[in-house]
Structure formats: C-alpha cells, structure tokens
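Shown next, in structure tokens, is the structure this report addresses.
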Amino acid sequence: MDGKTCFFIGHRNAPETMRPLLVAAVERHIAEYGVSEFVAGHYGRFDYMAAGAVQRAKERHPEVTLALLLPYYPFDYDTVGYA
C-alpha cells in the first residue's frame with residue numbers, strides 16, 4: 001500500500017442504516033484506492049460506526065491502521081474502550 005489516509009466526518013446522530021455502507025466504503029477504499037490509514041473521531045454514532053467498520057476490515061487487512069482524533073482539545077475524559 002502507498003500510505004493514503006481516509007478521514008471520517010459525519011453526524012453524531014447517524015442512523016444505524018449507515019453501518020453496512022461504511023463497511024463497504026472502507027473495503028473499497030482499501031482495495032481500490034490504496035488507503036492504509038483511517039482516522040475517526042470520538043464523538044457520536046457515526047464515529048463509532050466508522051471505527052467499527054475499520055476494525056472489521058483489519059481482520060482481512062492487518063496492515064491497516066486506525067487513529068483516534070479526539071474532539072474538543074484539551075480533553076479531560078478517558079478514551080479506554082473506544083470502539
């Protein structure tokens with residue numbers, strides 16, 4: 001892979017129907033566009049589903065990385081257990 005990055009931006013109240021679309025989009029970005037790094041936020045349903053889609057893809061593509069972008073710097077909350 002050539003090290004391309006994909007950054008997720010979505011609404012905190014995203015509907016559950018987005019989950020399979022995110023799974024498909026992550027797979028497409030890895031396979032067709034050469035994305036090897038994904039960045040997801042930590043504020044709401046869309047971010048959670050996006051991170052989950054990447055974690056699912058990592059089962060087939062262990063070289064893929066997922067970075068957490070914390071909102072509202074400076075943060076004062078625990079990030080353990082994220083997605």
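No value in this document is a laboratory result; all are computed from the given coordinates. All values derive from a computational prediction rather than experimental measurement. In this analysis, Cβ positions are derived from the backbone assuming ideal geometry, glycine residues included, and neighbour counts consider all displayed protein chains.
Of note:
- Ranked packing of 12-25, 42-55, most packed first, by mean Cβ within 10 Å: 42-55, 12-25
- ³J(HN,Hα), Karplus 6.51/-1.76/1.60, whole Hz, each residue of region 43-59, x for Gly, Pro: 8, x, 4, 4, 4, 4, 5, 4, 4, x, 5, 5, 4, 5, 5, 4, 5
- The label-point distance for THR17 and LEU70, in a model that sets each label 7 Å from Cα toward Cβ, rounds to 3.6 nm.
- Contact order for region 4-62, expressed relative to its length and based on alpha carbon pairs under 8 Å spaced 6+ residues apart, stands at 49 percent.
- Under the simplified labelling scheme, the GLU59-ALA24 pair shows an inter-label distance of 1.9 nm, with each label point 7 Å from Cα along Cα→Cβ.
- Exposure proxy order (Cβ contacts within 10 Å, fewest to most) of PHE38, PHE8: PHE8, PHE38
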